[in-house]
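Participant: Shown below is the structure under consideration.
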Amino acid sequence: MLHAFPHAASSPAIENVSRRHILKGAAAAGSLVLAAPLAHAATAPTYKTGAGDMPHGVVIDPNLFVSIAPDGTVTIVAHRSEMGTGVRTSLPMALADELDADWARVKVVQAEGNEPKYGNQDTDGSRSTRHYLVPMRQMGAAARTMLEQAAAQSWNVKPEEVKASNHEIVHAASGRRIGYGALAAAAAKLPVPKIETLRLKDESEFRYIGKGVPIVDLHDITTGKARYGADVRLTDMKYAVLVRPPVVGGKLVSFDSKDALAVPGVEQVVEAQGWPWASKFQPLGGVAVIARNTGAAIKGRDALKVVWDDGANAKYDSDAYRAELEDSVRKPAPVVRDEGDADAALKAADKVITGEYYLPHLAHVSMEPPAATANVTDTAAEIWAPVQSPGGTRDDVAKTLGLPPEAVKINVTLLGGGFGRKSKCDYAIEAALLSRKLKAPVRVQWTREDDIHHDFYHTVSAERIEAGIEKSGKVTAWRHRSAAPTFMSTFEPGAKTESKLELAMGFVDVPFAIPNIRCENPDAAAHTRIGWFRAVSNIPHAFAVQSMVAEIAHALGRDPKDMLLEMIGPPRIVDIAKSVKDYWNNGEPLDAYPIDAGRLRRVAEHVADKAEWGRKLPARHGLGIAVHRSFVSYIATVVEVAVDEKGGISVPRVDTAIDCGTYINPERIRSQMEGAAIMGLSLVKSGEITFKNGRVQQSNFDDYPVARIDESPSVTNVHIMPGENRPPSGVGEPGVPPFAPALCNAIFAATGKRIRRLPIGNQLA
């Protein structure tokens with residue numbers, strides 16, 4: 001149930017706030033504060049989510065807060081991290097809408113990292129909205145109901161005779177109205193309504209949900225006032241940069257700090273504690289240069305002389321490893337999905353079409369490299385950092401330092417991009433360890449070179465698909481082998497097969513109407529740190545599957561869009577669970593989030609219509625289409641490409657249709673799809689991390705380029721499908737997977753050249 005507390009005046013916007021702070025001095029202030037233990041949210045109307053199965057999930061013990069001050073200011077706590085997705089705006093929007101608050105009088109404050117209080121705080125998996133839309137609406141509805149009851153009592157009328165309207169309670173019969181601030185003290189004294197009695201708004205009553213508002217941080221970001229990880233300054237703070245083992249698993253042998261200490265501003269050179277690989281998100285260790293500013297620390301590091309023992313991964317060579325992966329997918333491997341008899345159907349087929357695809361390691365290269373500031377004493381620690389997992393960071397820092405979690409405070413700054421990298425908190429732990437060692441506040445700053453050399457890389461992948469075609473042209477067999485080192489190798493030394501999470505990202509759950517489907521997963525050992533990346537294994541799986549559909553269409557002389565729709569088949573719910581043991585549906589229950597072939601068809605048909613599929617194009621222009629279901633959303637993309645005589649490509653137009661169910665902020669959906677197109681273009685054109693002698697060969701944007709503004713798609717049209725009262729699904733990640741195959745299919749349409757290996761590089765020259 002909900003609890004009402006009196007509360008002091010609201011905190012300034014974009015501050016970190018703890019539950020203890022928000023309730024401090026509450027009795028004297030006469031404000032309304034709602035803290036909602038959402039254990040009862042399991043009975044949320046119309047649908048359920050997988051939030052309750054997560055550590056510190058919604059149904060365990062999260063607390064989200066809304067307060068109303070005497071002046072009417074509504075303060076809403078954001079417990080997820082802002083990295084461009086707009087979550088610090090969207091979830092408060094939902095609460096404000098049910099509260100019928102005036103958005104201009106709403107402030108948003110950032111929660112500290114504390115999962116026992118705030119619930120799961122991992123801003124990843126494109127799940128913030130689908131897990132918290134209903135709880136946020138319930139809290140807003142509860143506050144609204146209490147305000148209405150307080151007004152009705154003061155006017156001696158029935159509660160049903162009054163109604164909340166734009167930050168006031170109105171009694172239509174008498175024309176009386178009163179502001180929220182004037183009612184806050186009285187409302188705080190009322191019993192909180194039970195969740196099952198709350199009336200949530202009808203869609204027709206929404207003020208903000210589905211309409212969109214600018215993000216709350218927009219002014220500070222555009223005027224330079226926003227605080228990111230590198231903006232933190234503390235009294236007597238030290239600045240540190242580290243030199244880390246160049247090969248994962250390597251160890252420090254010795255170092256000579258004489259020349260480093262001679263650099264003006266450098267104060268100390270110390271060994272930095274590290275952990276043997278693999279050890280989750282613990283630091284790699286190495287040598288830290290401590291200085292009075294970051295520039296001096298970098299120069300000091302450049303002057304260090306360090307000797308390393310490179311260890312077991314010293315011979316890692318990405319070219320040789322590619323050959324190893326490609327060989328493995330040409331042989332039978334452990335079966336992870338088996339329907340019908342694909343082997344027999346392939347033997348009996350009139351024609352077998354085979355496609356082999358390769359995608360390299362990728363680096364996250366978020367615009368803001370990792371940075372963290374720590375102030376650690378013998379009994380407590382405080383961290384300031386751009387982290388995607390504030391609660392997880394708190395737990396990991398506490399465990400590393402040997403402190404109780406309640407002695408660690410994590411202050412979350414804005415994130416200058418994340419893409420999954422900043423859910424790994426090694427840089428925060430580095431800062432905490434150095435602060436404890438130096439007995440002073442320390443900021444650890446990663447350079448771009450550090451970021452690229454020591455990332456948790458997106459996995460490298462080899463994919464092989466064989467499709468059996470009968471004489472009528474119908475696809476009757478599908479055998480797909482996928483080999484990729486798993487991100488579970490970060491947690492479990494020796495892990496060699498893709499986890500059920502990765503397998504269910506467009507591989508075992510391919511929703512095609514094919515009677516014989518077999519999916520196999522060979523072993524693939526990791527030789528570097530592997531982590532999740534925006535859209536994770538959906539990227540290689542979608543690239544292979546959607547490229548193969550286009551290859552089949554060409555071999556049969558069919559239109560690629562028509563071939564795609566035929567392979568998806570008629571509208572239906574696809575029962576994957578019958579053939580895939582422990583199928584992982586992005587953590588969501590299949591009854592609420594089934595695999596719906598009808599929705600996949602609809603986005604494909606819709607985007608083809610909006611993109612004017614089949615329209616006449618200039619010479620060396622082509623259209624490509626691809627669809628994908630990921631993060632329980634349905635996305636279809638059509639890309640128009642232009643290829644010049646030298647093999648250079650440009651993208652005049654992109655059309656993307658997304659069906660993400662009920663949504664909050666369409667402006668953010670459009671921005672995420674536009675960003676996904678730019679990111680997808682970067683990956684296709686030049687995204688590749690290579691290894692020689694265990695060392696990453698790329699260092700900065702000169703040899704790991706991302707798409708510049710003049711390379712970005714000229715026009716990106718985003719078509720949002722109606723929510724139709726369906727549960728919300730993912731938005732931040734699912735725009736990425738279909739882009740690469742759509743672009744490469746368009747390149748084939750323009751040039752006749754099939755791209756099966758990414759990045760394109762000079763393949764079109």
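Participant: Anything in region 717-742 that is touching a Gly at 6+ places or on another chain (Cβ under 6 Å) and over 22 Å from residue 589 (Cβ atoms)? List them, or say none. Spell out how you get there, then give the answer.
Facilitator: Going through region 717-742, the residues touching a Gly at 6+ places or on another chain (Cβ under 6 Å) turn out to be 723, 726-729, 736, 739-740, 742.
If the condition is that a residue be touching a Gly at 6+ places or on another chain (Cβ under 6 Å) and over 22 Å from residue 589 (Cβ atoms), then 736, 739, 740, 742 are the ones that fit.
Participant: Let me confirm something: among 587, 614, 624, 647, which residue is in contact with a helix residue (DSSP H, G or I) (Cβ under 9 Å, 6 or more places away or on another chain), within 17 Å of residue 564 (Cα to Cα), of a type in the set (Gly, Ala, Ser) and part of a loop (DSSP other than H, G, I, E, B)?
Facilitator: The match here is 614.
Participant: Determine which single condition residue 682 fails, assuming it passes every other condition in (1) under 27 Å from the mean Cα position of the chain (by Cα); (2) surrounded by fewer than 17 Cβ atoms within 10 Å (Cβ to Cβ); (3) not charged (D, E, K, R).
Facilitator: Residue 682 satisfies every listed condition except (2).
Participant: Ok, one more. Go through region 226-281 and give me each residue that's in a strand (DSSP E or B), in the same structural domain as residue 383 (by TED's automatic domain parsing) and of a type outside the set (A, V, I, L, M).
Facilitator: Once the filter is applied, which keeps residues that are in a strand (DSSP E or B), in the same structural domain as residue 383 (by TED's automatic domain parsing) and of a type outside the set (A, V, I, L, M), region 226-281 yields 238, 239, 251, 254, 255, 256, 267, 268, 271.
Participant: Are any of the residues in region 153-170 surrounded by 24 or more Cβ atoms within 10 Å (Cβ to Cβ) and either under 28 Å from residue 734 (Cα atoms) or assigned by TED's automatic domain parsing to the domain that holds residue 732 (or both)?
Facilitator: No, there is no match, as no residue in region 153-170 is surrounded by 24 or more Cβ atoms within 10 Å (Cβ to Cβ) and either under 28 Å from residue 734 (Cα atoms) or assigned by TED's automatic domain parsing to the domain that holds residue 732 (or both).
Participant: Please find, within region 725-765, the residue that is surrounded by the fewest Cβ atoms within 10 Å (Cβ to Cβ) out of those that are closer than 25 Å to residue 618 by Cβ and of a type in the set (S, T, N, Q).
Facilitator: Per the stated criteria, the residue is 762.
Participant: Still on this structure, please answer the following. Looking only at residues that are touching a Ser or Thr at 6+ places or on another chain (Cβ under 7 Å) and assigned to a helix (DSSP H, G or I) in region 107-132, which one is farthest from residue 206 (Cα to Cα)?
Facilitator: Going through the qualifying residues, I end up with 131.
Participant: Tally up the residues in region 76-106 that are touching a helix residue (DSSP H, G or I) at 6+ places or on another chain (Cβ under 9 Å), touching a residue at least 60 places away in the same chain (Cβ under 8 Å) and part of a helix (DSSP H, G or I), please.
Facilitator: Total meeting the criteria: 12.
Participant: Any residue at all in region 424-442 that is crowded, with 21+ Cβ neighbours inside 10 Å and in a strand (DSSP E or B)?
Facilitator: yes
Participant: Would a scan of region 284-294 turn up a residue that is part of a helix (DSSP H, G or I) and closer than 17 Å to residue 239 by Cα?
Facilitator: Yes, region 284-294 has at least one match.
Participant: Right, another one. Is it true that residue 714 is surrounded by fewer than 21 Cβ atoms within 10 Å (Cβ to Cβ) and in contact with a Gly (Cβ under 9 Å, 6 or more places away or on another chain)? Spell out the reasoning first.
Facilitator: Working: surrounded by fewer than 21 Cβ atoms within 10 Å (Cβ to Cβ): yes; in contact with a Gly (Cβ under 9 Å, 6 or more places away or on another chain): no.
No: the conditions fail for residue 714.
Participant: Still on this structure, please answer the following. Just one of (1) touching a strand residue (DSSP E or B) at 6+ places or on another chain (Cβ under 6 Å); (2) assigned to a helix (DSSP H, G or I); (3) of a type outside the set (Gly, Ala, Ser) trips up residue 170, so point out which.
Facilitator: All conditions pass for residue 170, except number (2).
Participant: In the same structural domain as residue 98 (by TED's automatic domain parsing), over 36 Å from the mean Cα position of the chain (by Cα) and either buried (at least 19 other Cβ atoms within 10 Å of the Cβ) or at pLDDT 95 or above (or both): which single residue out of 176, 144, 207 fits that description?
Facilitator: Result of the check over 176, 144, 207: 176.
Participant: For residues that are of a type in the set (A, V, I, L, M) and touching a Lys or Arg at 6+ places or on another chain (Cβ under 8 Å), tally how many sit in region 545-575.
Facilitator: Keep residues of region 545-575 that are of a type in the set (A, V, I, L, M), which gives 545, 548-550, 552-553, 555-556, 563-565, 567-568, 573-574.
Adding the requirement that they be touching a Lys or Arg at 6+ places or on another chain (Cβ under 8 Å) leaves 552, 555, 565, 568.
Residues in region 545-575 being of a type in the set (A, V, I, L, M) and touching a Lys or Arg at 6+ places or on another chain (Cβ under 8 Å): 4 in total.
Participant: Now for a different question. Could you go through region 668-688 and let me know if any residue there is under 23 Å from residue 446 (Cα atoms) and in contact with a strand residue (DSSP E or B) (Cβ under 6 Å, 6 or more places away or on another chain).
Facilitator: Yes, region 668-688 has at least one match.
Per-residue answers, yes or no, for (1) under 25 Å from residue 459 (Cβ atoms); (2) modelled with pLDDT under 95; (3) crowded, with 17+ Cβ neighbours inside 10 Å; (4) out of contact with any Cys (no Cβ under 6 Å at 6 or more places or on another chain):
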residue: 536; (1), (2), (3), (4): yes, no, yes, yes
residue: 556; (1), (2), (3), (4): no, no, no, yes
residue: 577; (1), (2), (3), (4): no, yes, no, yes
residue: 582; (1), (2), (3), (4): yes, yes, no, yes
residue: 603; (1), (2), (3), (4): no, no, yes, yes
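Participant: Something else about it: With respect to the numbered conditions (1) more than 30 Å from residue 508 (Cα to Cα); (2) in contact (Cβ under 8 Å) with a residue 40 or more places away in the chain, which one is the sole condition not fulfilled by residue 378?
Facilitator: With (1) more than 30 Å from residue 508 (Cα to Cα); (2) in contact (Cβ under 8 Å) with a residue 40 or more places away in the chain applied to residue 378, the lone miss is (2).
Participant: Would you call residue 541 assigned to a helix (DSSP H, G or I) and either among the aliphatic types (A, V, I, L, M) or touching a residue at least 24 places away in the same chain (Cβ under 8 Å) (or both)?
Facilitator: yes
Participant: In region 67-91, which residue that is under 19 Å from the mean Cα position of the chain (by Cα) and more than 19 Å from residue 115 (Cβ to Cβ) is surrounded by the most Cβ atoms within 10 Å (Cβ to Cβ)?
Facilitator: 90
Participant: Restricting attention to region 531-549, does a residue exist that is over 30 Å from residue 366 (Cα atoms) and in the same structural domain as residue 475 (by TED's automatic domain parsing)?
Facilitator: Yes: one or more hits.
Participant: Then there is this: Going by the conditions given, is residue 347 closer than 26 Å to residue 124 by Cα, out of contact with any strand residue (DSSP E or B) (no Cβ under 6 Å at 6 or more places or on another chain) and not in a loop (DSSP other than H, G, I, E, B)?
Facilitator: Criteria not met by residue 347.
The values are calculated or read from the model by the stated rules, or taken from the named source; none is laboratory data. As the structure is a prediction and not an experimental result, all values here were calculated from the model. Virtual Cβ from ideal backbone geometry, glycine too; neighbours counted across all protein chains shown.
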